[in-house]
Amino acid sequence: MSEDQVKENQPTENAENLEETQPEEQNQTIDTSQEETVEQVTEEQAVTEEGETPEEEIEEVEETTPESTPEETLLLPRDTLLSAGIHIGTRMKTLDMESFIYRVRPDGLFVLDVKKTDDRIRTTAKFLSRYEKSKVAIAATRLYAHEPVKMFCKLTGATPLIGRFIPGQLSNPQYQNRVDPEVIVVCDPRADAQAVKEASTVGIPIVALCSTDNEFAGVDLVIPTNNKGRRALAVIFWLLARQVLRERGEIAPDKDPAVTIEEFEAKVTREEEEEP
């Protein structure tokens, strides 16, 4: 073979060798980048597993978790309950109420767990439905509780004890206007302290609407809720009335009373609010 022919063949062989080696180099580069990516992902997972999640993500999870539970079933839509403020407590909490508190807001207000409130309304309705209608008494000293209690008693046949609770109304047999219930519901154990005291004396079971600053002394069953707000009290007593009627079979399990929540809400003038 001549030298010219050898020179012509050499570039072709080199080109073939280059074509064979380039894919191997590319594959090595791809493999290296994939390994680096896997290592980065592994490192990120390790950081997450160690709990070093950014604070912003933690806060977001804490705020959204209780509201996004798909299997949650409440007596009313969560938005309706929250807009009524049934979960808003005070800036004080007692040890008794600690288990019902969900969190503390930045402004210092303690927030109640709406699901626990919902559960206690169901439990209370079943409990009250076992008694004869007229043997259930509802005590309401607070002004905003007067109208809700009136409507509750009108729908369920319970006995209203509205306004100042007269000493001896439960415990004095000689008192002319004495009532003799078998169970009593109070809107606030502090405001209705006289009713709680007398009911405890005569051995009557006591159901109480309690906010974050209430104690359970003498109380047998607690409904954790905002017991001072106008709208909150209307929603609580409307729900309680509806559930009692359902438990008694007076309305269907999927039906509501003919009376609306708005009709349960107190209509109070400014002059009445300013009265001691």
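Of all residues in region 96-113, those that are in a loop (DSSP other than H, G, I, E, B) and open to solvent by 60 Å² or more (accessible area, probe 1.4 Å) total 4. Against the conditions (1) over 19 Å from the mean Cα position of the chain (by Cα); (2) at pLDDT 95 or above; (3) not aliphatic (A, V, I, L, M), Arg142 satisfies every one except (2). Within region 153-185, the set of residues being farther than 29 Å from Glu250 by Cβ, without any contact (Cβ under 8 Å) to a residue 24 or more places away in the chain and either touching a helix residue (DSSP H, G or I) at 6+ places or on another chain (Cβ under 7 Å) or aromatic (Phe, Trp, Tyr) (or both) comprises just one member, Tyr175. Here Lys116, Lys93, Lys197, Lys150 are screened, and the one residue that is assigned to a helix (DSSP H, G or I), touching a residue at least 60 places away in the same chain (Cβ under 8 Å) and charged (D, E, K, R) is Lys116.
Quick grid of which residues meet (1) out of contact with any Lys or Arg (no Cβ under 9 Å at 6 or more places or on another chain); (2) closer than 17 Å to Thr123 by Cβ; (3) β-branched (Val, Ile, Thr); (4) surrounded by 20 or more Cβ atoms within 10 Å (Cβ to Cβ):
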| position | (1), (2), (3), (4) |
| --- | --- |
| Ser171 | no, no, no, no |
| Val179 | yes, no, yes, no |
| Ser200 | yes, no, no, no |
| Ser211 | no, no, no, yes |
| Ala217 | yes, no, no, no |
| Ile223 | no, yes, yes, yes |
| Arg231 | yes, no, no, no |
| Pro253 | no, yes, no, no |
| Ala258 | yes, no, no, no |
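Across region 131-147, the qualifying residues are those that are open to solvent by less than 60 Å² (accessible area, probe 1.4 Å) and part of a loop (DSSP other than H, G, I, E, B), and the one among them that is nearest to Gly249 (Cα to Cα) is Tyr131.
The values are calculated or read from the model by the stated rules, or taken from the named source; none is laboratory data. A quick note: this is a predicted structure, and the numbers were derived from the prediction, not measured. No Cβ is skipped: glycine too gets one built from the backbone with ideal geometry, and neighbour counts run over all protein chains shown. The protein model used for the area step is the full one, side chains on, heavy atoms only, and it has no ligands, DNA or RNA in it. Shrake-Rupley method; radii C 1.70, N 1.55, O 1.52, S 1.80 Å.
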